[in-house]
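The next block holds one structure in the form of structure tokens; read it before the comments.
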Amino acid sequence: MKLPNYVADHWREGSGPGAPLVDPVTGEELARISSEGVDLNNALEFARTQGGSALRQLTYAQRADLLAKMGDALTANRDEYFRLSLLNLGATQADASFDVDGALYTIKYYVKIGRALAEGKMLKEGAVVPLSKTGVFAGQHFLVPTKGVAVFINAFNFPAWGFCEKVAPALLSGVPILVKPASPTAWLAHKMVEDVVKSGILPPGAISLVCGSARELLEHVREEDIVSFTGSADTAARIRTHTNVVRGSVRVNIEADSINSAILGPDCAPGTELFDLLVKEVLKEITLKAGQKCTTIRRVFLPRQNVKAFGEAVASRLSTMKVGNPRNSEVKVGPVVNKAQQSACLEGLKKLQSECLVVFGGNERFEPVDADPQKSAFVQPTLLSSNNGLSAKYVHDVEVFGPVVTLVAYDDTKDVIAMTRWGNGSLVSSVFSNDPSFLQEIVLGIGDLHGRIVAVDSSVGSQHTGHGNVVPSCLHGGPGRAGGGEELAGLRALLLYHRRFVVQGPVNCLKELSCLCADTSLLYS
Ligand code: NAP
């Protein structure tokens, strides 16, 4: 079976043998994908001229209604998405829920944003700026939806959420989308697009899908388009510097890899509530989606005297968790996505092991439950420990995109700030402490190199949303190595798909233009 592409309102099968989609547990081929022979330039042009113009006829609220119907169509097929997640990603129920339910929730959240924006063709930003003595001539900043296409090039680990978290703000903004899922796990995104297309909710050209290689796609993007990329830093660099992207100053949003961290405050000794909460969080981060989350904790900074107790607590719980075929209901940890990722993980793990102690796992030849180690793509959940993080080379640099976490000892706040910053720009760091001055020092010390900081004290306890959990109301993205992109954060996500401009003119004219704008005041408050 070859999964077709959806371009210019038609399903088109790519030519040639295509690339296989594989079950990471059994190694069996599930389907094939190919984008060969598909007219990518025409796909973009059709989306701009047909999809974009149809979407822009509507108000934000009307587009929110389309999004709501799209959410309903997807929700109706939730079980099928879980099935494909198991087949193509080896996802446990918890893994599939994190991706699929996260996707559906994000769509619903953006339906509410669109309805609150209600009427309007564009957005107004800030107040009128007086530019003349009498005030008759003034300036007003506006944000108008771009007339281009939003091109989504996605990573393999979140085929559902990665698709929906980008689609929702783009469609709400009136911008058509072309999604290119990562090849190894394209089936789930393909099925979601198929369900949306079948439901006939969106106007022709509003949604397009390319499965397989992106080929020369970027040669056809133009100044009014947006490229939103999620994936590795290497591919990100290629996209950012693509000649056509540079020539057209095409807007690019990059979500790349990230060496995230969690920090236990010096006040949290073994046996305290926060110590136990962080143990629980680290366990979740290692095991959920087999550590294949962009936000996964990679380094845990601990007061030196607590490293041993912390390692023992995590290791004893890890030892009870079954790793293997998620079709077995006792299994808690699934595989990584394919053999290539398994090799990349093992290679990275070797580097980390060269400067760390193994607290748990690290066995390349471990036996997964109900799976053939030769055919499957498992990595044993592994906990490492570094006594000398200040001179470590790999711990702060190598992203093992799998179930691997390193505990790093620290002696004082200055050191933990320095080491956290060596991630060179991260999506998220969590701080567990009841000491407000420690928290303040950390926030001021690392805030500029992080997109999100999660602070947990005893007043919050277990009510926090989770280190790895990206909520649509808050910013997702990070500076530096993490790509420098910004996604979600409620209404702010729509700004990527709008262009800011200022009109300098008669105050009366500005007032009339303002009447064309949706009211954002409630959403920014
Ligand atoms: P990847 O290898 O960089 O691939 C990402 C996407 O780029 C895929 O769709 C890939 O297509 C496409 N691609 C590759 N070369 C391209 C080119 N020259 N032009 C245009 N597109 C191209 O990354 P991945 O292995 O799928 O994802 C894992 C990485 O993503 C990890 O490092 C993780 O940290 C990061 N990630 C970050 C976030 C975040 O929000 N910050 C979220 C999830 C994952 P093919 O698959 O067809 O090659």
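The values are calculated or read from the model by the stated rules, or taken from the named source; none is laboratory data. The structure displayed is predicted, hence computed values, not measured ones. Methodologically, a virtual Cβ is constructed for each residue, glycine included, from the backbone with ideal geometry; neighbour enumeration extends over all protein chains shown. Heads up: the accessible areas ignore ligands, DNA and RNA and are worked out on the full protein's heavy atoms, side chains in. Shrake-Rupley method; radii C 1.70, N 1.55, O 1.52, S 1.80 Å.
Scoring 176-186, 468-478 by mean Cβ neighbours within 10 Å over their residues and listing the highest first yields 176-186, 468-478. Using C-alpha pairs under 8 Å with a sequence gap of at least 6, the mean separation divided by the residue count of the chain gives a relative contact order of 19 percent. Selection among 261, 250, 295 by position relative to the dipole of segment 248-324 gives 250 as farthest towards the positive end (Cβ unit charges, Cα centre). Considering only 450, 359, 377, the residue lying farthest towards the positive end of the dipole of segment 260-472 is 377, judged by Cα position with unit charges set on Cβ.
If only the Cβ of Lys and Arg carry +1 and only the Cβ of Asp and Glu carry -1, the dipole of the chain around its Cα centre is close to 940 debye. For the chain, hydrophobic long helices are taken as DSSP H runs at least 18 Å long by C-alpha position along their axis with mean Kyte-Doolittle hydropathy of 0.0 or more; these are 93-117, 186-199, 273-287. Sorting 52-65, 502-515 by average packing, meaning the other beta carbons within 10 Å per residue, from highest down gives 52-65, 502-515. Surface composition of segment 22-166: carbon and sulfur make up 56 percent of the accessible area, probe 1.4 Å. Under 20 Å of direct C-alpha separation, and excluding same-chain neighbours fewer than eight residues apart, residue 322 reaches these aspartates and glutamates: 23, 95, 281, 285, 312, 330, 364, 367, 370, 372. Our summary gives segment 260-472 a relative contact order of 28 percent, counting only alpha carbon pairs under 8 angstrom and 6 or more residues apart.
Does the chain come out rounded, prolate or oblate, given a ≥ b ≥ c as the square roots of the eigenvalues of its C-alpha gyration tensor, rounded meaning a/c under 1.5 and, failing that, prolate meaning a/b above b/c? Oblate, since a/c reaches 1.5 and b/c is not below a/b.
If only the Cβ of Lys and Arg carry +1 and only the Cβ of Asp and Glu carry -1, the dipole of segment 2-76 around its Cα centre is close to 360 debye. Tell me the mean residue ellipticity at 222 nm calculated for the chain from its helices only (DSSP H runs of n ≥ 4, each -39500 (n - 2.57), averaged over every residue, nearest 500). My calculation for the chain gives -10000 deg cm²/dmol from helical runs alone. Our estimate of slack between residue 57 and residue 434, defined as 0.36 nm per intervening residue step minus the Cα-Cα distance, is 130.5 nm. Full extension of the chain between residue 460 and residue 215 yields a length gain of 83.4 nm, computed as 0.36 nm times the residue separation minus the alpha carbon distance. The Cβ shell under 13 Å around residue 12 holds other residues with a net charge of -3, Lys and Arg each +1, Asp and Glu each -1.
Relative to the Cα centre, the charge distribution of segment 260-472, modelled as +1 at Lys and Arg Cβ and -1 at Asp and Glu Cβ, gives a dipole magnitude of about 680 debye.
Per residue, how large is the accessible surface of the chain? Use a 1.4 angstrom probe and give square angstrom.
Values: 20470 Å² over 525 residues.
It amounts to 39 Å² per residue over the chain.
Note on the chain: antiparallel DSSP beta bridges, both residues inside, total approximately 35 percent of the bridges counted. The packing ranking, built from the mean of other Cβ atoms within 10 Å per residue, places the peptides 202-212, 160-170, 296-306, 121-131 in the order 160-170, 202-212, 296-306, 121-131, highest first.
Under the criterion of Cα pairs below 8 Å and six or more residues apart, the relative contact order for segment 370-525 equals 16 percent. Of the residues 154, 109, 86, the one whose Cα sits farthest toward the positive end of the charge dipole of segment 10-154, with +1 on the Cβ of Lys and Arg and -1 on the Cβ of Asp and Glu, is 109.
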